[in-house]
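Okay, so here's the structure we're looking at.
The values are calculated or read from the model by the stated rules, or taken from the named source; none is laboratory data. What you see is a predicted model; the values in this text were computed from it and never measured. All Cβ positions, even for glycine, are placed from backbone atoms using ideal geometry, and neighbour counts span all protein chains on display. The area values use the complete protein model at the heavy-atom level, side chains included, leaving out ligands, DNA and RNA. Shrake-Rupley method; radii C 1.70, N 1.55, O 1.52, S 1.80 Å.
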Amino acid sequence: MYKEQIDMARLPQHIAFIMDGNGRWAQARGQQRSYGHFAGADTLEATLRCATKLGIPYVTFYAFSTENWSRPQDEVNTLLDLMLKHLEEKIFMENDVKFLLVGDIENLPQNLRDASERLMEKTKNNKAITMGVAFNYSSRWELAHAAKIIAKEVKEGKMKLEDITAETIDRHLATGIMPNPDLLIRTGGEQRLSNFQMWQLAYAELYFTDTYWPDFNDECLYKAIVDYQSRQRRFGKTGEQVTENK
Ligand code: IPE
Ligand code: IPE
Ligand code: MG
């Protein structure tokens, strides 16, 4: 239904997902929260496949925030296990997916860190789509981390204070080579960023849906893209200027 309405010439180049609602989805079915996380992992795979087929070059999935460490230990363990299980080389190579761990990789458990680094190295030349997974990520951590590295470079004389620009900060973020998201999709009904990419989302179009992440499907993605394409992105200009430039 929505797929036919998509203008393939104006696809968002980067879609970021705040995958929320796994726990409530499971609880509504009388199940443990972890059941929702397993279902959510399947949704992630399906969404990645759908985005690849459409020809979206970059996607990012917010999978675990630095704040999520304060959840009950068994839930944290489930999320760590699930992540480790999904860092399977084979699937990434078969689907030509380039993987990027976006987050505080140095403070991940060693096995997850090793697996992530190995997968990034292994998939670095893959071309179909680039997938970032924000894991042990928060925007405030990322900005403080960037500030620290930049300050160090200035202190050591590698950079001049006057040369610090927005672009300098961009280069030091965990998102590295990825362009800023054009479209942010948050499932699960909450309308907040929960410490996700505050810098990168400066001009993103925000899309919120009540659908819980495990129920999010291809049709939901098409609908969000159609909604995105109905908006006029002005980047500070007037509507008339934007129309004239077309
Ligand atoms: C999102 O689902 C997944 C993570 C935050 C890891 P939640 O687990 O937050 O699900 P709700 O919001 O409690 O329903
Ligand atoms: C945001 O979801 C983090 C992820 C999706 C990984 P949360 O469920 O942790 O967000 P809050 O706590 O409701 O803001
Ligand atoms: Mg939540």
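At-a-glance table
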{"read-out": "Of G189, G30, G21, the one that fluctuates the most in a GNM where the chain has Cα springs shorter than 10 Å", "value": "G30"}
{"read-out": "Space enclosed by the convex hull of the alpha-carbon atoms of the stretch 166-221, per residue, Å³", "value": "100 Å³"}
{"read-out": "Cα-based equivalent ellipsoid, the stretch 1-77: semi-axes from gyration tensor eigenvalues, Å", "value": "30, 15, 9"}
{"read-out": "The chain, helix-only ellipticity at 222 nm - DSSP H runs n ≥ 4, -39,500 (n - 2.57), divided by all residues, nearest 500", "value": "-13000 deg cm²/dmol"}
{"read-out": "Integer Hz, Karplus 6.51/-1.76/1.60 couplings in order for the stretch 64-70, x for Gly and Pro", "value": "7, 8, 4, 6, 5, 4, 8"}
{"read-out": "Approximate shape of the stretch 64-196 as ellipsoid semi-axes (Cα gyration tensor, √5λ), whole Å, largest first", "value": "27, 20, 16"}
{"read-out": "Formal net charge of residues neighbouring W213 (Cβ-Cβ distance under 13 Å; K, R +1; D, E -1)", "value": "-3"}
{"read-out": "Cut-off under 5 Å, modelled amide H: who pairs with F61 long-range", "value": "F17, G132, V133, A134"}
{"read-out": "J(HN,Hα) series, the stretch 20-29, from Karplus relation 6.51 cos²θ - 1.76 cosθ + 1.60, nearest Hz, glycine and proline x", "value": "10, x, 4, x, 5, 4, 5, 4, 5, 9"}
{"read-out": "Charge context of G21, other residues only, Cβ under 10 angstrom, K/R +1, D/E -1", "value": "-2"}
{"read-out": "Cα centroid separation, the stretch 138-210 to the stretch 1-66 (Å)", "value": "21 Å"}
{"read-out": "Distance violations [Cα-Cα > 22 Å] among K3/K237; K3/K53; K85/K124", "value": "K3/K237"}
{"read-out": "Net charge, I169 excluded, C-beta distance under 13 Å - Lys, Arg +1, Asp, Glu -1", "value": "-3"}
{"read-out": "Calculated diffusion of the chain, Stokes-Einstein form, Kirkwood radius summed over Cα pairs, 20 °C and 1.002 mPa s, µm²/s", "value": "112 µm²/s"}
{"read-out": "Debye-sum result for the stretch 1-140 in log10 I(q)/I(0), which assumes one identical scatterer on each alpha carbon, at q = 0.11, 0.17, 0.21 Å⁻¹", "value": "-0.43, -0.99, -1.37"}
{"read-out": "Rounded percent of accessible protein surface that carbon and sulfur make up, the chain, 1.4 Å probe", "value": "49 percent"}
{"read-out": "HN-Hα J in Hz across the stretch 31-37 - Karplus 6.51, -1.76, 1.60, θ = phi - 60°, x for Gly and Pro", "value": "10, 5, 4, 4, 4, x, 5"}
{"read-out": "Partners for K122 among lysines (Cα-Cα distance below 16 Å; same-chain residues under 8 apart left out)", "value": "K90, K98"}
